[in-house]
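K.L.:
Take this structure first; my questions come after.
The values are calculated or read from the model by the stated rules, or taken from the named source; none is laboratory data. All figures in this text were calculated on a predicted structure; none of them were measured in a lab. Backbone-built Cβ (ideal geometry, glycine too); neighbour counts: all protein chains shown.
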Amino acid sequence: MASELGRRRKSMVAVGRYSDSVSANWIENATRLVATAKASLPFAGVHWSDAVWDVSASYRHRTRAYKASRPALRLLFTQHRETPRVAALPMTEPFGGIVKALVCLRHQQRGQSSTSHMVFIRAARYVFHELAAADLALPDLRSDHLDLAAARLFAREMATSSYKVVGHMEEFADALDRNGLCRVRLDWRCRHKVRPRSMIQGSTEGFRNGESTSDRLPTEEVIRAIGHLYQIIPRAASSDDLVSADRILILITTIMVCTGLRVGEALTLPERPLSVAEDGSRNLRYARLKGRLDDVAVEWCCKPLLSATEELVQDVVDELQAATAGARRVAQRVRETGVLLSDIALDEELDSQSIQAILGLQSHSVPLFLASRKIPYETVNRRTRVKRDAFVAGITPDHWTAPVIPGGAGKGLDLHESLCVVYRNQLHRGTRSTLTYAAQPVTDQNMGEFLSGRATCASVFERYGVLGADGQPLRIRTHGLRHFLNHLLDEGGAPDLVQTKWFGRKHAADTKAYQHLTYAQRSAQVAEEVMGGRMQGKLVEEMKALPAERMRTFLAARIHAIHDVGPGMCIHDFQLSPCERHLQCTASCEDFLWISGDEERCEELKRQAAVVHLSLRTASETGRNTHARSDWHRHLKHRYAQLMRQLAALGLGEKDLRPYLDEGERHGKANQG
């Protein structure tokens, strides 16, 4: 049984085990698992017996997808909440201890986010509920209990969230198997787990009449509305006027439309993000919060602005710098002195009138202001009086003291260095006074409410009466702006690698999620490139042999699918038949096309050509030793010739491969040694 318990099965996250020796005794396995987790607790400052763990300290160093406004990060090892606003009961032992140990294990092995851990715990809650309903302990768990837990999950949650949670439920079952915690092996997968259509990229139901209807891609109507709001929202309003909040947020939105930055990247721009390159073009400096090699180091990148947007982005940044200068000065003074109101000489004792004058409060209810901050005061002759030290200490939490991006000197970003900084409550749409003595960063929640609204707060489109063609208020998600700009570049024919690099993505495959052209539109786009003489390949040679009036018909018949394969693109339609030359695209394949003089792919072409050159040399030596004609040798020759033809179009030859060849030879000698 121990060998069977050690057998691995694929799951969304492979949680291992602390010990390689898993016995047939599930009680012993559970005891060892919990004891080991307690001894090597990966979360600082938490107590094992607590049902709620505050793990904020363990994630403070992480900058990936960092949000300045994120609340305390907590893991809730509790049951489902039965009554709203009433704390849920903790999971009973030993089930709760097992879940805690597995969370510790997955954190040590994979370092998942606190959100991922909470989804894992949520999945375990459904299992706990079914076992409690059947009055069973964890070792008695069976596959049918997991089926019931999954059914309850699907009935309770939305399709997208239930799909994610049931995947973690499968992970939980795998972890129980791998650590030998049940009497029998579960080997469980949910039979009703189906990816929701909204999560399927390229679903044919997302297209109607040749146009994309994806909800990720905003319409041009929405983008024009944003431009209209940029023009009509008044400039230079006072900080206590709600119009100033709208102006700041529409400026940030305009930057996102023109640059395609993620909302977190736009909100963490430095005060002076623009620079001029040697050729006169403008670059935007930003902190790349995703697609990095690790979750800790801050990677500052420079993105060249699109030439059509350079002047607009410069104007927007200049205006935003001026609109947020006052809040930035407040942050700078606090940074230098460590206290608020350091530029004002405060009396030893303050009364309500002086407090109102100093803070610029619009409300006359100074006692309510003090009570909400737990500042002790007394009333003398119907006047509120408060000690200076207590007053300053009480208002200190109003100011944002944490970094906008954590990191060392020159790497992180403090509040006074940020472009998107405002006074406290300046963006609040209620009755709160703008507190000009304290500053805070603009958050993604501010942006979301501005563009989409919420139950108690109308969106900017509603407030300014900007309606769609159907008479309904427009709505857009912040990430939709990134989708829109990527779609424009894709329509304009920008190669996938260019899109990937410019938008700061780690993998070219991720770009597919942002491309909303239909297969017919993309095929027609490539056909136009071929007709315009910007493509090379065997297909182009075949087309040139035909009469001019038949060329378009020939291309329409041949090009039905487009696949980016690195050095070029493949037009084989895999829905009709598998490809006999799969993974051999650059070996004179008839379905392989490439862009003439594509400098963006130059380095990748040189690298591949160098690899093939070294492989060809090895194959030649092997062929001479065995006196055998090698099919592999012929394949490499065809592929090398193809790559060199593409490099020749760029004016390059074998001498340009030398750096890659030298590196390959060094690695080869190191491996032999």
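K.L.:
Kindly evaluate K655 against the criterion of being farther than 24 Å from V498 by Cα, in a helix (DSSP H, G or I), modelled with pLDDT of 70 or more and of a type outside the set (A, V, I, L, M). Let's see the steps before the verdict.
P.N.:
On the way: farther than 24 Å from V498 by Cα: yes; in a helix (DSSP H, G or I): yes; modelled with pLDDT of 70 or more: yes; of a type outside the set (A, V, I, L, M): yes.
Yes: the conditions hold for K655.
K.L.:
Just to check your reading of the model, which residue among A133, A123, A155 is at pLDDT 90 or above and either surrounded by 13 or more Cβ atoms within 10 Å (Cβ to Cβ) or of a type in the set (D, E, K, R) (or both)?
P.N.:
Exactly one residue qualifies, and that residue is A123.
K.L.:
What is the residue count in the stretch 401-437 for residues that are crowded, with 20+ Cβ neighbours inside 10 Å, within 26 Å of the chain's Cα centre (by Cα) and farther than 20 Å from L289 by Cα?
P.N.:
Residues that pass the stated criteria total 2.
K.L.:
Out of all the residues in the stretch 335-353, which are buried (at least 16 other Cβ atoms within 10 Å of the Cβ) and either without any contact (Cβ under 8 Å) to a residue 24 or more places away in the chain or within 16 Å of T436 (Cα to Cα) (or both)? Working first, answer last.
P.N.:
The initial filter retains those residues of the stretch 335-353 that are buried (at least 16 other Cβ atoms within 10 Å of the Cβ), namely 340-341, 350-352.
Within the stretch 335-353, L340, L341 qualify.
K.L.:
Output the strands (runs of 3 or more DSSP E) that fall wholly within the stretch 237-331 and possess 3 or more residues being under 27 Å from the mean Cα position of the chain (by Cα) and buried (at least 16 other Cβ atoms within 10 Å of the Cβ), or say none. Write out each step before concluding.
P.N.:
Values: elements: 274-276, 282-288, 299-304.
Because the criterion is at least 3 residues that are under 27 Å from the mean Cα position of the chain (by Cα) and buried (at least 16 other Cβ atoms within 10 Å of the Cβ), the strands (runs of 3 or more DSSP E) in the stretch 237-331 that meet it are 282-288.
K.L.:
Related question: Say whether the condition of being in contact with a Pro (Cβ under 6 Å, 6 or more places away or on another chain) and closer than 23 Å to H399 by Cβ is met by at least one residue in the stretch 379-389. Write out each step before concluding.
P.N.:
To start, the set of residues in the stretch 379-389 that are in contact with a Pro (Cβ under 6 Å, 6 or more places away or on another chain) comprises 384.
Add one more test, that the residue is closer than 23 Å to H399 by Cβ, and what stays is 384.
Within the stretch 379-389, one or more residues are in contact with a Pro (Cβ under 6 Å, 6 or more places away or on another chain) and closer than 23 Å to H399 by Cβ.
K.L.:
State all residues of the stretch 195-225 that are exposed (fewer than 11 other Cβ atoms within 10 Å of the Cβ) and modelled with pLDDT of 75 or more; if no residue qualifies, say none.
P.N.:
Hit for the stretch 195-225 is E220, nothing else.
K.L.:
Of the conditions (1) outside any helix (DSSP H, G or I); (2) without any contact (Cβ under 8 Å) to a residue 24 or more places away in the chain, R505 clears all except one; give me its number.
P.N.:
The failed condition is (2).
K.L.:
For the stretch 394-500, which fully contained helices (runs of 4 or more DSSP H) count at least 1 residues that are within 22 Å of A287 (Cβ to Cβ)? Step through it out loud before you land on a result.
P.N.:
Values: elements: 444-452, 460-463, 478-491.
By residue number, 444-452, 478-491.
K.L.:
Which condition number does M158 fail, the rest of (1) touching a Pro at 6+ places or on another chain (Cβ under 9 Å); (2) within 21 Å of T92 (Cβ to Cβ); (3) without any contact (Cβ under 8 Å) to a residue 24 or more places away in the chain being met?
P.N.:
Going through (1) touching a Pro at 6+ places or on another chain (Cβ under 9 Å); (2) within 21 Å of T92 (Cβ to Cβ); (3) without any contact (Cβ under 8 Å) to a residue 24 or more places away in the chain one by one, M158 breaks only (2).
K.L.:
Something else: What about A609, is it more than 19 Å from V540 (Cα to Cα), at pLDDT below 70 and among the aliphatic types (A, V, I, L, M)? First the steps, then the outcome.
P.N.:
Details: more than 19 Å from V540 (Cα to Cα): yes; at pLDDT below 70: no; among the aliphatic types (A, V, I, L, M): yes.
It is false that A609 is more than 19 Å from V540 (Cα to Cα), at pLDDT below 70 and among the aliphatic types (A, V, I, L, M).
K.L.:
Sticking with this structure for a sec: Only one residue in R70, R74, R81 is surrounded by fewer than 18 Cβ atoms within 10 Å (Cβ to Cβ) and modelled with pLDDT under 75. Which one?
P.N.:
Values: R74 fails: modelled with pLDDT under 75; R81 fails: modelled with pLDDT under 75.
Sole residue among the options that is surrounded by fewer than 18 Cβ atoms within 10 Å (Cβ to Cβ) and modelled with pLDDT under 75: R70.
K.L.:
Next question. Restricting the search to the stretch 26-47, which residues are without any contact (Cβ under 8 Å) to a residue 40 or more places away in the chain and over 13 Å from V103 (Cβ atoms)?
P.N.:
E28, T31, R32, A35, A39, A44, G45, H47, listed by residue number.
K.L.:
A further question on this structure: I'm trying to understand the selection: among the residues of the stretch 105-160, which are over 26 Å from the mean Cα position of the chain (by Cα) and polar (S, T, N, Q)?
P.N.:
Of everything in the stretch 105-160, just one residue is over 26 Å from the mean Cα position of the chain (by Cα) and polar (S, T, N, Q), namely S143.
K.L.:
Confirm whether T553 is crowded, with 16+ Cβ neighbours inside 10 Å, outside the structural domain of L229 (by TED's automatic domain parsing) and either farther than 30 Å from G448 by Cβ or modelled with pLDDT of 80 or more (or both). Walk me through it before giving the result.
P.N.:
Details: crowded, with 16+ Cβ neighbours inside 10 Å: no; outside the structural domain of L229 (by TED's automatic domain parsing): yes; either farther than 30 Å from G448 by Cβ or modelled with pLDDT of 80 or more (or both): yes.
Answer is no for this residue.
K.L.:
In the stretch 515-566, which helices (runs of 4 or more DSSP H) lie fully inside it and hold 2 or more residues that are under 32 Å from the mean Cα position of the chain (by Cα)? Before you say what the answer is, go through the steps one by one.
P.N.:
Values: elements: 519-531, 538-544, 548-558.
Result: 519-531.
K.L.:
How many residues are within 33 Å of the chain's Cα centre (by Cα) and either on the phi < 0 side of the Ramachandran plot or at pLDDT 75 or above (or both) when one looks only at the stretch 567-583?
P.N.:
In the first step, residues of the stretch 567-583 are kept if they are within 33 Å of the chain's Cα centre (by Cα); the result is 567-575, 582-583.
The next check asks that each one be either on the phi < 0 side of the Ramachandran plot or at pLDDT 75 or above (or both); those that pass are 567-575, 582.
Count: 10.
K.L.:
Additional query: Being touching a Cys at 6+ places or on another chain (Cβ under 7 Å), in a helix (DSSP H, G or I) and not acidic (D, E) is true for just one of L105, L131, L176, L148. Which residue is that? Even if it seems obvious, please write down each step before you answer.
P.N.:
Values: L105 fails: touching a Cys at 6+ places or on another chain (Cβ under 7 Å); L131 fails: touching a Cys at 6+ places or on another chain (Cβ under 7 Å); L148 fails: touching a Cys at 6+ places or on another chain (Cβ under 7 Å).
Exactly one residue qualifies, and that residue is L176.
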